[in-house]
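The values are calculated or read from the model by the stated rules, or taken from the named source; none is laboratory data. As the structure is a computational prediction, the values presented were derived from the model and not from experiment. Ideal geometry is used to build each Cβ from the backbone, glycine not excepted, and the neighbour counts take in all protein chains shown.
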Amino acid sequence: MDEDPDWEMMGFCPQGKDPGFGEFVGKVSKVLPVGCAFIECQEIKDLYDQDAYVHSSVMQQCGLQLGDEICFNVHVNATGRPQVSAPCWKRKRGWKRPWTEMQAEAQDVSAVSAPAQGKFGGKSVAKGSNGSWKPPAEEVPKEPEPAGAEEVLATAGLSASEISECVRVLWQIQQAQELGRLDPNASCLRSLRKVLSQLSKQTFAHLPQKSQLDENERKRAEKDRKRERRQRQLEADKRFQENTQLRASRLAKLQALEESADTEKLQSSCRGSHEPLRIPDGPASTEAEDCTTSPADDGEQEYCRQQACYICKVRFSERHHFYSHLCPVCAALNFEKRHQSRDLFGRTCLVTGARVKIGFQVSTKLLRMGARVLATSRFPQDARKRYMAEPDAEQWLDRLEIIGADFRFLGGVEAMCAQLKRREPFLDIIVNNACQTVRRPAAYYAHLLQDEAHPSHPYPSLAKGPQFELEPQGSGQEQAELTTSCGFGNMGGSAALSQLLVLEEDQKEDALALPSGMRDVHGQQLDLRSTNSWLLKLGEVETPEAVEVFCINAMAPFIINSRLRGLLERSPHPDRYIINVSAMEGKFYRYKQPTHPHTNMAKAALNMCLETSKSKPSG
């Protein structure tokens with residue numbers, strides 16, 4: 001960048017990088033006690049609705065003071081605030097022309113400037129030959145700059161270049177200390193510390209000294225310093241967590257969903273909330289097959305603050321490239337199991353709750369490993385549509401059979417087991433995945449009923465396996481039989497049972513809480529209710545809901561494991577498995593929230609069933 005007579009560059013620019021020139025012009029309008037400041041700039045306010053923020057390190061590096069007029073560039077930090085980047089350019093003290101006059105002149109010059117245009121103080125100006133932003137080339141005569149600064153330096157035996165070199169070296173030392181590459185108490189820096197100590201005392205003698213502050217002011221200053229440091233650490237950790245591959249994939253899909261949604265309709269559905277739309281969780285699928293097992297190479301391998309592992313609760317600071325909330329031991333185990341594979345040709349597996357999320361992923365993985373899968377769901381037509389949408393469905397769809405079943409009705413579970421015992425020669429794997437965590441009202445499933453009653457197309461010819469449906473044997477009876485559904489004119493029994501009015505919320509149709517046509521990242525109805533099962537305490541859970549949770553989460557696995565034990569024993573393969581998909585809610589440990597007790601109880605009961613029967617399930 002050519003030397004400009006009216007501006008001087010303040011701060012350190014990395015070697016070999018052209019700093020260009022500032023894009024905005026503003027004035028230091030407010031300096032906070034902790035050392036940071038705000039820049040008054042109308043164009044920044046127009047773009048970001050707030051003043052630009054100057055970090056305390058940039059204030060010290062650039063030597064900025066209240067009232068300084070600067071030309072600067074900004075970047076958006078983790079909190080969404082425009083933040084001034086070093087270096088910046090400060091108006092020299094000899095320049096008397098007001099800032100508003102300079103802006104007006106820049107507007108006049110833009111009319112006759114070269115075709116390559118840039119931005120300067122919100123106006124178009126000529127662009128330098130090296131691509132950097134330059135102030136107007138033609139300016140009105142101005143008062144000559146006094147040579148007082150050079151004379152003062154010359155009297156002291158110094159030059160401006162020596163001062164700049166000194167600042168550059170000190171800035172490099174400060175950066176090395178922040179990155180942990182240089183010990184601030186190293187003996188080689190003893191002479192430097194001594195000189196800087198004396199210089200700082202003389203330079204800041206006019207400012208309030210910590211030794212002169214009273215006790216309250218000293219405590220307040222210490223709290224402000226700790227708060228700022230903690231905020232920097234939290235922001236750094238949050239940036240890494242959001243860049244881990246699993247979380248980044250979920251955030252990308254969430255962003256795509258939000259961008260494709262009807263913004264006005266969503267805003268009206270959020271009941272006037274100013275918070276951005278957030279879906280409770282993201283899909284488990286991600287493009288992780290090409291991931292390496294090495295951490296992301298960002299120069300830092302540890303969190304600034306220790307994290308608590310989601311699984312084992314141990315405190316850890318080591319980062320993992322894929323998981324953001326798992327300790328190194330749990331992360332390594334889960335990442336290994338995520339990509340583990342085995343030939344399962346000739347095996348038969350039963351997977352419950354296989355329409356979405358974990359059940360869907362487990363079923364597709366078993367199918368891709370060669371197994372034959374019996375998948376249960378309350379909505380078999382929607383489940384089959386999801387499996388058919390997979391790009392490699394033609395390779396394994398003939399080994400998939402879908403059973404329509406509602407596990408809230410235990411008679412139907414008994415009938416399903418009885419029919420499977422008569423029809424299937426053996427089973428190798430049982431995965432009890434179906435569960436109810438957050439209860440949904442009947443209207444939540446209304447959009448699925450049309451496809452269940454009138455599917456858009458019958459099963460393709462490659463799907464040779466039948467679809468089974470549990471149909472009640474009459475009103476008020478608990479018994480049910482397993483029948484083969486040959487036509488699509490009538491809705492399956494399991495889908496129809498989803499519309500039973502069990503609780504008071506099933507009778508309401510809240511268009512604001514369940515906006516029509518809105519789907520979450522799993523393709524399910526968007527649920528914007530302010531209160532649900534996850535937030536209920538002991539006295540707030542209704543009895544029918546607690547019964548439903550126990551039937552689905554504990555009693556159905558109990559019935560399936562006990563009734564289908566004979567099929568496992570008839571398997572010709574030596575290794576057979578019963579897998580109960582549990583959750584952290586079923587564990588006993590110190591830190592328990594007082595909400596959703598019925599879910600915790602049901603999962604704990606499921607864990608105890610496995611703990612009791614694992615050594616000798618035959619009894």
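Worth pointing out:
- Within the range 8-33, tally of residues that are modelled with pLDDT of 60 or more, assigned to a loop (DSSP other than H, G, I, E, B), buried (at least 20 other Cβ atoms within 10 Å of the Cβ) and among the hydrophobic types (A, V, I, L, M, F, W, C): 1
- Listed by first and then second residue, the pairs linking a residue in the range 529-541 that is over 17 Å from Gln436 (Cβ atoms) to a residue that is at pLDDT 85 or above, with Cβ atoms under 9 Å apart and 6 or more places separating them unless they lie on different chains, are Lys537/Pro594; Lys537/Thr595; Lys537/His596; Lys537/Pro597; Leu538/Pro594; Leu538/Pro597; Leu538/His598.
- Qualifying residue in the range 209-231 (condition: loosely packed, with under 11 Cβ neighbours inside 10 Å, within 20 Å of the chain's Cα centre (by Cα), at pLDDT below 70 and not polar (S, T, N, Q)): no
- Members of the range 319-339 that are farther than 24 Å from Thr364 by Cβ and either among the β-branched types (Val, Ile, Thr) or loosely packed, with under 13 Cβ neighbours inside 10 Å (or both): Val329
- Inter-residue pairs, beta-carbon under 8 Å, first at pLDDT below 75 and buried (at least 16 other Cβ atoms within 10 Å of the Cβ) and in the range 503-520, second outside any helix (DSSP H, G or I) and hydroxyl-bearing (Ser, Thr, Tyr), 6+ apart: Ala513/Ser530
- Pairs are defined by a Cβ separation below 7 Å, a sequence spacing of at least 6 or placement on different chains, a first member in the range 443-464 that is modelled with pLDDT of 50 or more, and a second member that is among the aliphatic types (A, V, I, L, M); the pairs so defined are Ala443/Leu514; Tyr444/Leu514; Leu448/Ala495; Leu449/Met491; Leu449/Ala495; Glu452/Met491; Glu452/Ala495; Ala453/Met491.
- Listed by first and then second residue, the pairs linking a residue in the range 410-421 that is in contact (Cβ under 8 Å) with a residue 40 or more places away in the chain and under 13 Å from Met555 (Cβ atoms) to a residue that is of a type in the set (Phe, Trp, Tyr) and surrounded by 22 or more Cβ atoms within 10 Å (Cβ to Cβ), with Cβ atoms under 7 Å apart and 6 or more places separating them unless they lie on different chains, are Val413/Phe407.
- Looking only at residues of the range 384-439 that are under 30 Å from Val541 (Cα atoms) and aliphatic (A, V, I, L, M), we find that the one that is surrounded by the fewest Cβ atoms within 10 Å (Cβ to Cβ) is Val438.
- Test result for Pro574, loosely packed, with under 15 Cβ neighbours inside 10 Å and part of a loop (DSSP other than H, G, I, E, B): yes
- Where a residue in the range 325-337 is closer than 16 Å to Met584 by Cβ and its partner, wherever it lies, is at pLDDT below 90 and part of a helix (DSSP H, G or I), with Cβ under 8 Å and at least six apart: His325/Gln241; Leu326/Asn334
- Subset of the range 521-554 [among the hydrophobic types (A, V, I, L, M, F, W, C) and not in a loop (DSSP other than H, G, I, E, B)]: Trp534, Leu535, Leu538, Ala546, Val547, Val549, Phe550, Cys551, Ile552, Ala554
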